[in-house]
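Notes follow once the structure below has been shown.
The values are calculated or read from the model by the stated rules, or taken from the named source; none is laboratory data. Since the structure is predicted, the reported quantities are computational estimates derived from the model, not experimental observations. The protein model used for the area step is the full one, side chains on, heavy atoms only, and it has no ligands, DNA or RNA in it. Shrake-Rupley method; radii C 1.70, N 1.55, O 1.52, S 1.80 Å.
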Amino acid sequence: MSSAQSDSSRNVTFVRPAKFFISDFSNIPHAKYYYVFLSLVYVVTVLGNSFIMCIIYLTRRLHTAKYIAVFHLALSDLCGSSALIPKIIDMFLFDHQDISYEACLTNMFFVYHFMNLQSLTLLALAYDRLVAICFPLHYHAIVTKPAMFLIIGVMWIVSVTVFSALVGLVNRISFCRSNVLNSYFCDYAPICKLACNDISINIMMGKISYGLLICTPLILIIISYFCISVALLKIAHGADRIKAIKTCSSHLILVAMFYLPILCNVLASVTTPLHPNVQIINNSLAQTIPLMLNPIIYTLKTEEVMQSIKDLYKRSKVNTTRERKLKCSRINLK
């Protein structure tokens, strides 16, 4: 009997659609203007994050462990936005809402992977601030460039492993109801809702991934800032305390911009059933607007970055003046 059951379990065939259809807003006039807005958000995101990456690359004094993490955050923002927004624009602005099964899983992996890297990089920056304020004398010995590269490498390994497993589990879902996804990208939860077989493992893995890679970094960031607050209270001079708070302000704003929209969307969906249109707008804005604002916040709120921009501008101005003088002297010699 047991052998017959095992043979039947081996012979189970999973029904997979050749394509998924990503649904759009329902009954909203002029919805395409929203996707035009997202196009503008994407352009600003690309320019802003590319700018901050160039500044860090070109400025020698920013070649530190902290700014390696900032560079990685900008890279994650750029890649995360590129994994999401161009596909949304192509689907809804140019009416290409059909997506192949394989392309859907690939899109899901990259959107989740880079979103997770943003979360983990914010944790790495919190660790940097924790050591800088709580152990200032040992900061340069603890937070080194090799250590930061190692942290980033571990982030990538963990993220790729977890989301490869999560996306791989979609292959055990049998789709026999519909191929229409009520979302704006190949989202994991809407795909699981289309299943007609047991998906308890998929649900468990989804909860583990969310808890491990989104909730856990936030909890650790909160704990790190509690320790930082205790350390700041021990600082005798008010000027030193204000200076220490300023070094944390830009990071705190980034943390708030990344996590608050996600938490608000989760709480809203749990407490009150949201209309699908509202869910699409809330989730898409939560995933795109912080990526656009991150480089702006770091540029305006960090004195080192602002000073580096000024120095690069002065240097380029001096080089331009020299080139003009050389051209004039060559013309006079002729």
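For the chain, restrict the atom set to alpha-carbon positions and state the Rg and Dmax in Å.
So, for the chain, Rg and Dmax equal 24.4, 101 Å respectively.
Go ahead and set up a Gaussian network model of the chain, Cα springs under 10 Å, then flag whichever of 91, 306, 108 fluctuates most.
306
Might you work out the accessible area of residue 63 for me, using a 1.4 Å probe with all protein chains in place, and round it to the nearest 10 Å²?
That residue has around 80 Å² of solvent-accessible surface.
Springs between alpha-carbon atoms under 10 Å, Gaussian network over the chain: tell me which of 44, 318, 305 tops the mean-square fluctuations.
318
List the aspartates and glutamates whose Cα sits under 13 Å from the Cα of residue 32, skipping any in the same chain fewer than 8 residues away.
Qualifying aspartates and glutamates at Cα under 13 Å: 24, 90, 95.
Can you report the principal axis dimensions of the stretch 125-282 using only the alpha carbons, biggest first, rounded to whole angstrom?
Principal axes ranked by extent give 66, 36, 22 Å for the Cα atoms.
Which of the residue pairs 19/193; 243/301; 66/314; 234/301 have a Cα-Cα distance greater than 18 Å in the structure shown?
66/314; 234/301
What number comes out for accessible area per residue over the stretch 143-281 if the probe is 1.4 Å? Units Å², please. Working shown, then result.
On the way: 7440 Å² over 139 residues.
Ligands and nucleic acids excluded, the figure is 54 Å² per residue.
Would you pull out the residues with amide H under 5 Å of residue 181's amide H, same chain only if 5 or more places away, H placed 1.01 Å from N?
The answer is 21, 22, 23.
Just reorder 102, 304 by solvent-accessible area, largest first, 1.4 Å probe, all chains present.
102, 304
Kindly sort 90, 198 by accessible area of their heavy atoms, largest first, with the probe set to 1.4 Å.
198, 90
Which one of 40, 213, 166 has the biggest mean-square fluctuation once the chain is modelled by GNM with Cα springs under 10 Å?
Of 40, 213, 166, the most mobile in the Gaussian network model is 40.
With a 1.4 Å probe and all protein chains in place, put 215, 186 in order of accessible area, largest first.
Result, largest first: 215, 186.
222 nm [θ] for the chain, helices only, -39500 (n - 2.57) per DSSP H run of 4+, per residue, to 500?
That calculation yields -25500 deg cm²/dmol at 222 nm.
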